[in-house]
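Take a look at the structure set out below.
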Amino acid sequence: MTLPAPGGFDDPPFPDDAIEVGRVLGAWGIKGGIRVQPFSKDPQALFSSRRWFIRPPEAPVAGPKPAAAAYPALLRITHSKEQGDAVVATAQELPDRNAAEAMKGARIFIARSSFPTAGDGEFYWIDLIGLAVVNREGDALGTVTGLIDTGAHSVLRVHRPDAAPDASPEAAERLIPFVAAYIDAVSLADQRITVDWGLDY
């Protein structure tokens, strides 16, 4: 006879559309709360779901190192709120401070389908990564590989299609401010961003 894994029969599988949205900084309070560093200035993705999927840290963390099996696969969030630059939360699976401390470094994933709907003219970074970038003349400028938050606005990191395989990261990419002055259109359906930007910029 086999027994179900801790958590019961109804644990949902890891979502196919899971997006990493933060990591656990450590314990918060004395009742099993955790402090989380969100990967976005606006942590609404963390608040969009009461189910946080967990993966162990990719790199070792300081202090006691629990085995990967010690991390619960899922946290059922009972309370969460912003606190400064972090998010604090409590979960059914974390009954005390010791359990919370053992979560340090854990990576938090949320199903993309649970994200709040973006406002008109707003986009989640994750939806822009991988889009083709072309200018008004139809020239291919490259593919979005990431974004940089400068505080004032975001900047697209675009990998040049003509970059040599051994080119430095700086030489292989162009940076395009994600502002109305340069961004003509974003089409998620067509997987394309049209910009007012020259090939020689």
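The numbers here are math on the coordinates, done by the rules we state, and not lab data. Everything numeric here is computed off the predicted structure, so don't read it as measured data. Reconstructed Cβ throughout: ideal geometry from the backbone, glycine too, with neighbour counts over all protein chains shown.
Largest mean-square fluctuation among Ala180, Ala73, Ala27, in a Gaussian network model of the chain whose springs join Cα atoms under 10 Å apart, belongs to Ala180. For segment 49-58, backbone phi angles converted through the Karplus equation (6.51, -1.76, 1.60; θ = phi - 60°) give residue-by-residue couplings of 9, 8, 10, 9, 8, 10, 10, x, x, 6 Hz, Gly and Pro being listed as x. Rounded if a/c is under 1.5, else prolate if a/b is larger than b/c, else oblate: which is segment 125-195, with a ≥ b ≥ c the root eigenvalues of its Cα gyration tensor? Oblate shape, in that a/c is at least 1.5 and b/c is the bigger or equal ratio. Close amide H contacts of Asn135 (hydrogens built in the peptide plane, cut-off under 5 Å, sequence separation of 5 or more or a different chain): Leu141, Val195.
Size of the dipole of the chain about the Cα centre, Lys and Arg at +1 and Asp and Glu at -1 on the beta carbon, nothing else charged, in debye to 20? Write down the numbers at each step before the final one.
On the way: 19 positive and 26 negative charges, 225 e Å.
Dipole of the chain, to the nearest 20 debye: 1080 debye.
For the chain, what relative contact order do you get, as a whole percent, if you take Cα pairs closer than 8 Å and at least 6 residues apart? The partial results should precede the final answer.
Numbers: 368 pairs, mean separation 37.9, N = 201.
Answer for the chain is 19 percent.
Between Ser154 and Phe178, the built amide H atoms are under 5 Å apart, and every one of these is 5 or more places off in sequence or on another chain. Using DSSP to define loop residues, name the trypsin sites (Lys or Arg not before Pro) in segment 67-137 whose beta-carbon has at most 15 other beta-carbon atoms within 10 Å. Of the trypsin sites (Lys or Arg not before Pro), the ones in loops of segment 67-137 whose Cβ has at most 15 other Cβ atoms within 10 Å are Arg136. Build a GNM of the chain with springs between Cα atoms under 10 Å apart, and of Gly142, Gly33, Gly121 the one that fluctuates most is Gly121. Beta-bridge orientation, the chain: approximately 90 percent antiparallel, per DSSP, counting only bridges with both partners inside. Along segment 175-180 the Karplus relation, 6.51 cos²θ - 1.76 cosθ + 1.60 evaluated at θ = phi - 60°, assigns HN-Hα couplings of 10, 10, x, 8, 9, 4 Hz to successive residues, with x for each Gly and Pro.
Note on the chain: GNM, Cα springs under 10 Å; of Ser168, Ser187, Ser80, the largest mean-square fluctuation is that of Ser168.
Exposed loop positions in the chain were taken to be GluC sites (Glu not before Pro) whose DSSP state is not H, G, I, E or B and which have at most 10 other beta-carbon atoms within 10 angstrom. Between these positions, the longest stretch is 138-201. Relative contact order of segment 18-114, taken over Cα pairs closer than 8 Å and 6 or more residues apart, is 47 percent. Whole-Hz Karplus values for segment 158-174 come out as 10, 7, 5, x, 9, 5, 5, x, 9, 5, 5, x, 5, 6, 8, 10, 10 Hz, taken residue by residue from phi with 6.51 cos²θ - 1.76 cosθ + 1.60 and θ = phi - 60°; glycine and proline positions read x.
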